[in-house]
1. Somewhere in segment 16-24, is a residue among the aliphatic types (A, V, I, L, M) and at pLDDT below 95?
2. Look through GLU5, GLU61, GLU25, GLU66 and report the one residue that is closer than 16 Å to LEU105 by Cβ, charged (D, E, K, R) and surrounded by fewer than 19 Cβ atoms within 10 Å (Cβ to Cβ).
3. If you scan segment 58-94, which residues turn out to be part of a loop (DSSP other than H, G, I, E, B) and under 16 Å from GLY15 (Cβ atoms)?
4. Restricting the search to segment 104-115, which residues are in a loop (DSSP other than H, G, I, E, B), of a type outside the set (Phe, Trp, Tyr) and surrounded by 10 or more Cβ atoms within 10 Å (Cβ to Cβ)?
5. Please indicate, with yes or no, whether at least one residue in segment 95-103 is over 14 Å from the mean Cα position of the chain (by Cα), in a loop (DSSP other than H, G, I, E, B) and more than 25 Å from GLU6 (Cβ to Cβ).
6. Answer yes or no: is there a residue in segment 70-89 that is of a type in the set (Gly, Ala, Ser), surrounded by fewer than 17 Cβ atoms within 10 Å (Cβ to Cβ) and at pLDDT 95 or above.
7. So, TYR87, is that one under 13 Å from the mean Cα position of the chain (by Cα) and of a type in the set (Phe, Trp, Tyr) or not?
8. For segment 5-19, does any single residue satisfy the condition of being assigned to a strand (DSSP E or B) and closer than 21 Å to VAL114 by Cα?
Amino acid sequence: MTAPEESLDLARVAGQAAADKLAEEVIGLDVSELVVITDVFLVCSGDSERQVSAIVDGVEEALLTERRRKPLRREGERDARWVLLDYGDIVVHVQHAEDRAFYALERLWRDAPVIDLQIDADRPA
């Protein structure tokens with residue numbers, strides 16, 4: 001069984017929004033069979049706290065305007081090193097590049113299938 005289509009759709013919208021803000025290594029992981037609290041982890045990174053904040057703002061704006069979804073919970077905004085946006089169906093992790101390398105979420109969740117986020121790299125931001 002894989003993540004529901006609605007969760008995949010939210011992950012794709014969030015992934016495109018992150019890419020539009022020049023997030024690096026935008027990856028979606030289908031964790032629906034590994035955890036019960038969510039279906040998808042979206043992981044991406046930025047090179048500075050300012051960029052992490054911009055990515056977070058872009059994801060929140062896109063999910064609100066395109067899917068009318070607000071995060072249920074938000075953590076880490078003050079330091080902008082690792083911001084977590086919990087939408088229930090998906091959890092978005094926006095990390096500073098250094099923190100991403102250190103914590104290596106992709107390695108921790110390596111049993112989770114990678115989702116094709118269908119990001120359009122040529123799309124104007």
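The values are calculated or read from the model by the stated rules, or taken from the named source; none is laboratory data. Bear in mind that the values here come from a model prediction, so they are computed numbers and not experimental data. All Cβ positions, glycine included, derive from the backbone under ideal geometry; neighbour counts span all protein chains shown.
1. Within segment 16-24, not a single residue is among the aliphatic types (A, V, I, L, M) and at pLDDT below 95.
2. After applying the criteria, what remains is GLU25.
3. Residues satisfying the conditions are ARG69, PRO71, TYR87, ASP89.
4. Those that are in a loop (DSSP other than H, G, I, E, B), of a type outside the set (Phe, Trp, Tyr) and surrounded by 10 or more Cβ atoms within 10 Å (Cβ to Cβ): ALA104, ARG110, ALA112, PRO113.
5. No.
6. yes
7. So TYR87 fits the description; yes.
8. no
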